[in-house]
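The values are calculated or read from the model by the stated rules, or taken from the named source; none is laboratory data. These numbers come from a predicted model, not from an experiment. Because the Cβ atoms are built from the backbone with ideal geometry, glycine has one as well, and the counts that use them run over all protein chains shown. Note: areas computed on protein heavy atoms with side chains; ligands, DNA, RNA excluded. Shrake-Rupley method; radii C 1.70, N 1.55, O 1.52, S 1.80 Å.
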Amino acid sequence: MGDTSHTSADHLHRRGLMFVLSSPSGAGKTTLSRMLLERDSEIRLSVSATTRPPRPGEIDGVHYHFVSADEFQRMIDEDDFYEWAEVFGHRYGTPKGRIRAALKEGQDFLFDIDWQGTQQLYQKDQQDVVRVFILPPSIEELHRRLQNRATDSAEVIAARMERARAEISHWDGYDYVIVNDDVEVCFDKVRAILDAERMKRARQTGLIPFVRGLMA
Ligand code: 5GP
């Protein structure tokens, strides 16, 4: 960090952002999310609230915020979810309150969600959401990646391809679209988007006092 006797422009306070990565399965979203979480210390995965009981090894506040059914209902009533859904008899949702407080402190969040979740998130908070969509290089390559398990029947693979096509059809609901030819190149592009979005003037809340200092 070096000299701390003056304000460095690298350490100006900024508002965090909600970085959404979506793609059809097989296009590389999970790999890219993992790389981003490993290599970028300023972003973390958003932690959902759930009524599901913890599985062995799951930690409250790390894997999920484990809450009672009453507490979850109270959060719905108080409009404390960006979005929520019921899956296999348990409720899951993205809590607004915790994320809003952390965004203010400059924490960035990664969301590995589909187009529907993205739409809901964007409707609730346009200024903080950055939407990135990852496309496969070709339909043949996607097919090859979805064929990974030799035991899967042709029907299972065809159903996966159908789902992938449906997901791809929502590409135009995103701010950025990247074709994932090579995962390292694609990752560099994801990083470039994140870096640029962090520098947006409206997010750099520390600029006003900094510029005032420059002009004094
Ligand atoms: P699990 O109980 O295996 O951890 O998750 C079950 C399902 O709930 C998964 O398909 C997961 O994607 C979904 N899920 C987890 N958190 C959320 C959330 O915040 N919102 C929604 N809509 N689904 C979630």
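Quick one: which of F66, F88 is surrounded by fewer than 14 Cβ atoms within 10 Å (Cβ to Cβ) and either within 13 Å of the ligand (Cβ to nearest atom) or free of Cβ contacts under 8 Å to residues at least 12 places away in the same chain (or both)? Before you say what the answer is, go through the steps one by one.
On the way: F66 fails: surrounded by fewer than 14 Cβ atoms within 10 Å (Cβ to Cβ).
Just one listed residue meets the conditions, F88.
Checking L45 against (1) more than 22 Å from K200 (Cα to Cα); (2) within 16 Å of the ligand (Cβ to nearest atom); (3) hydrophobic (A, V, I, L, M, F, W, C), which single condition isn't satisfied?
Only one criterion is unmet by L45, namely (1).
Name the residues in region 193-209 that are within 16 Å of the chain's Cα centre (by Cα) and over 29 Å from I178 (Cα atoms), would you?
Within region 193-209, no residue meets the criteria.
Residues are listed down the side, and each one gets a yes or a no for (1) modelled with pLDDT under 95; (2) loosely packed, with under 11 Cβ neighbours inside 10 Å; (3) part of a strand (DSSP E or B):
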site	(1), (2), (3)
M1	yes, yes, no
H6	yes, yes, no
G16	no, no, no
S25	yes, no, no
T31	yes, no, no
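How many residues, within region 95-107, are open to solvent by less than 10 Å² (accessible area, probe 1.4 Å) and either within 16 Å of the ligand (Cβ to nearest atom) or in a strand (DSSP E or B) (or both)?
2
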